[in-house]
Every structure is written in structure tokens, then in C-alpha cells.
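Accompanying notes for the structure given below.
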Amino acid sequence: MLETTRLSCRRLFTAAVAAALAWAVSIMGVAALLTRYAEAARAPATISIHTLEFKFEPQGDVQLKAPASGSGHGTLVVGAGEIVFRVTNAGAIEHNFIIWDKNQRILAEIPVLAAGETQEVRVRLQPGEYTIICTYPGHTDLGMILALQVK
């Protein structure tokens with residue numbers, strides 16, 4: 001009888017250890033899956049913009065609100081968080097690409113963008129109103145300015 005009890009205890013212990021190991025393996029699998037989803041959720045949005053003489057042209061599936069007054073270039077609307085701006089100079093002369101806040105504090109910058117060149121700049125933006133601008137002499141006056149609304 002004592003031998004039967006020991007055997008039952010061993011089986012019970014073995015079953016408990018196997019269950020604990022199975023539970024640990026399943027938890028690690030779920031954790032790995034959640035980590036993968038979290039990393040994907042944190043991936044920054046990428047916005048492609050072409051610079052030309054003398055305007056910014058957002059490319060692809062972006063929301064561009066028409067200007068209220070019928071003049072100007074409208075407003076580019078993006079979601080808050082980390083954003084990669086991929087900027088291509090599709091024009092014939094140099095430009096730059098600057099994002100500034102309402103106090104004209106530079107938040108992101110590509111100082112020189114030669115004709116035909118593509119560069120990226122990464123920035124984390126909170127909800128609010130910003131401006132995309134080319135500050136080369138005369139370029140802003142000729143239309144290289146775009147309102148940016150972050151929701």
C-alpha cells in the first residue's frame with residue numbers, strides 16, 4: 001500500500017511538473033506574439049513628399065484638406081506619434097525641408113536636398129498645428145509652405 005501511495009505521488013508530481021512546463025511554454029509564446037504586435041504598432045508612419053518649384057506635394061494615401069479660402073496649399077493631416085518623412089526633390093534646384101511648431105522652433109530638418117535626391121527625417125509629433133517649409137531665400141514666398149495638422 002505504501003508503495004502504491006509513493007507511485008501515485010510520483011505520478012501526480014510528474015503531471016504537475018509537465019503542466020507547469022506546458023503553461024510556461026504557452027505563456028512565452030503569447031509573450032513573444034504580444035511583443036511582435038507591440039513592435040508593429042510602434043512602427044512609425046511614413047509620409048512621402050515631393051518638393052518642386054515651388055511647392056510640396058504629399059504622395060500616396062494621405063489626407064490633404066483643401067484650403068479654407070481657396071488659396072494656399074491646404075493642410076496635410078497625419079496621426080500623432082513617430083513619423084518618417086521621406087522627402088524627394090523632384091525639382092531642378094536645391095530645397096530644404098523643415099517642420100516647425102507655432103513658435104517657429106525647428107522639430108525636424110533636412111538642411112539640403114539636391115535635385116533628384118531623397119532623404120528621410122524622423123520626428124515624434126504630438127497633436128497640434130505645425131508648418132512644413134522651405135527656408136531657402138524666396139522659396140516660402142513662392143509657395144513652399146504647407147500646413148501640417150497632427151491629430
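The values are calculated or read from the model by the stated rules, or taken from the named source; none is laboratory data. Only a predicted model underlies this, so the values are computations on that prediction, with no experimental measurement involved. Backbone-built Cβ (ideal geometry, glycine too); neighbour counts: all protein chains shown. Calculation scope for accessible area: heavy atoms of the full protein, side chains included, ligands and nucleic acids excluded. Shrake-Rupley method; radii C 1.70, N 1.55, O 1.52, S 1.80 Å.
What full-extension length gain, to one decimal in nm, is calculated for Ile93 and Arg105 as 0.36 nm per residue of separation minus the Cα-Cα distance?
Between Ile93 and Arg105, full extension yields 1.8 nm more.
Provide the net charge surrounding Lys151, with neighbours chosen by a C-beta distance below 12 Å and charges set as Lys +1, Arg +1, Asp -1, Glu -1.
Local charge sum for Lys151: 0.
Arrange the residues Lys102, Lys151, Lys55 by how much accessible surface each exposes, largest first, with a 1.4 angstrom probe.
Putting Lys102, Lys151, Lys55 in descending order of accessible area: Lys102, Lys151, Lys55.
Would you please give the residues with an amide H less than 5 Å from that of Ser48, counting only those at least 5 places away or on a separate chain, with H modeled from the backbone geometry?
Under 5 Å from the amide H of Ser48: Gln59, Arg86.
Once label points are set 7 Å from the Cα along Cα→Cβ at both Glu57 and Val150, what is their separation, rounded to one decimal in nm?
A separation of 2.7 nm, rounded to one decimal place.
Can you give the accessible area of Phe13 in Å² (nearest 10), computed on protein heavy atoms with a 1.4 Å probe?
140 Å²
Residues with beta-carbon under 12 Å from that of Thr135, excluding Thr135: net charge, scoring Lys, Arg +1 and Asp, Glu -1?
-3
Treating only the Cβ of Lys, Arg, Asp and Glu as charged (+1, +1, -1, -1), what charge dipole size does region 79-151 show about its Cα centre? Round to the nearest 20 debye.
Here region 79-151 has a charge dipole of around 260 debye.
Extension gain Val121-Thr140, at 0.36 nm per residue separation less the Cα-Cα distance, in nm? Numbers along the way, then the final one.
On the way: separation 19, 0.36 × 19 = 6.84 nm, distance 2.00 nm.
Value of the extension gain: 4.8 nm.
If I model a spin label as a point 7 Å beyond the Cα along the Cα-Cβ vector, how far apart are those points for Ala18 and Val84 in nm?
Here the answer is 4.8 nm between the modelled labels.
Note down the net charge around Ile47, summing +1 for each Lys or Arg and -1 for each Asp or Glu among other residues with Cβ under 13 Å from its Cβ.
Result for the neighbourhood of Ile47: -2.
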